[in-house]
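Notes follow once the structure below has been shown.
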Amino acid sequence: NPMLPTTLVGCSAKSYFTVEQATRWGPEVVDGVSDDPAGTDGLFVCPSFPLIPTLLASFGAAGGLVGAQDVSVHPSGPYTGEVSAEVLAQLGVRLVMAGHPERRRLFGETDDVVRRKVTAAATAGMAPILVVGEQELTADKLLVAAGRRTSLAGIGLETVGVDPEAQLVETDERMRAG
């Protein structure tokens, strides 16, 4: 996979988009950034699994990055309802989110499960997005959001073009990477 842009700006569509909305959203965003010289460079969306092909065909075809909101810890096999990293990579997914607070709360996902998801994504050639979010933000959690680093050793981020040692990104007045 080619290197990712230095700066990424995007969103998770959660489960809000219908097929019709996702079909309209991709071209609308592409049209909305058409006057900007950067265009879709560095923009990403992580839709629900069934909408990934729809957004790859519009937003992705125009240079935007399409990711997945989740990934299975298991390889392809007898895991009903799971979507393996291999399948996501074959679709053209470049990013995979892991660590959603609601998945931790509702499905009991632990740090170990999140680590396994991050590893599965990186091993399949996709860049993992580690979601660090809490319902209540305390000073200690703010430090995490502002850049306190967890150990990223051994999860293979460099294999997908992410430099785990990078600490600063220079931007211009429009917050675009230089």
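The values are calculated or read from the model by the stated rules, or taken from the named source; none is laboratory data. Because the structure is a prediction, the values reported are computed rather than measured. Please note: Cβ atoms are built from the backbone with ideal geometry, for glycine as well, and neighbour counts cover all protein chains shown. Surface areas here come from the heavy atoms of the whole protein model, side chains and all, with no ligands, DNA or RNA. Shrake-Rupley method; radii C 1.70, N 1.55, O 1.52, S 1.80 Å.
Just to verify a result, which residue in segment 26-43, among those that are in contact with a helix residue (DSSP H, G or I) (Cβ under 9 Å, 6 or more places away or on another chain) and of a type in the set (Val, Ile, Thr), is least open to solvent (accessible area, probe 1.4 Å)?
Taking the candidates together, the pick is Thr40.
Just checking, does segment 5-25 include any residue being of a type in the set (S, T, N, Q), part of a helix (DSSP H, G or I), out of contact with any Ser or Thr (no Cβ under 9 Å at 6 or more places or on another chain) and surrounded by fewer than 16 Cβ atoms within 10 Å (Cβ to Cβ)? Outline the logic, then answer.
Step one: of segment 5-25, the residues of a type in the set (S, T, N, Q) are 6-7, 12, 15, 18, 21, 23.
If we keep only those that are part of a helix (DSSP H, G or I) as well, we get 21, 23.
Next, from what is left, pick out any that are out of contact with any Ser or Thr (no Cβ under 9 Å at 6 or more places or on another chain): 21.
Going one step further and asking which of them are surrounded by fewer than 16 Cβ atoms within 10 Å (Cβ to Cβ), we end up with 21.
For segment 5-25, residues of a type in the set (S, T, N, Q), part of a helix (DSSP H, G or I), out of contact with any Ser or Thr (no Cβ under 9 Å at 6 or more places or on another chain) and surrounded by fewer than 16 Cβ atoms within 10 Å (Cβ to Cβ): present.
Which of the residues belonging to segment 62-90 are aliphatic (A, V, I, L, M) and either closer than 18 Å to Ala13 by Cα or in contact (Cβ under 8 Å) with a residue 60 or more places away in the chain (or both)?
Passing the criteria: Leu65, Val66, Ala68, Val71, Val83, Leu88.
Give me the pairs: first residue in segment 10-34 and closer than 19 Å to Pro50 by Cβ, second residue among the β-branched types (Val, Ile, Thr) and part of a loop (DSSP other than H, G, I, E, B), beta-carbon distance under 6 Å, and six or more apart or on different chains, which are they?
Taking only residues 6 or more apart or on different chains, not a single pair turns up.
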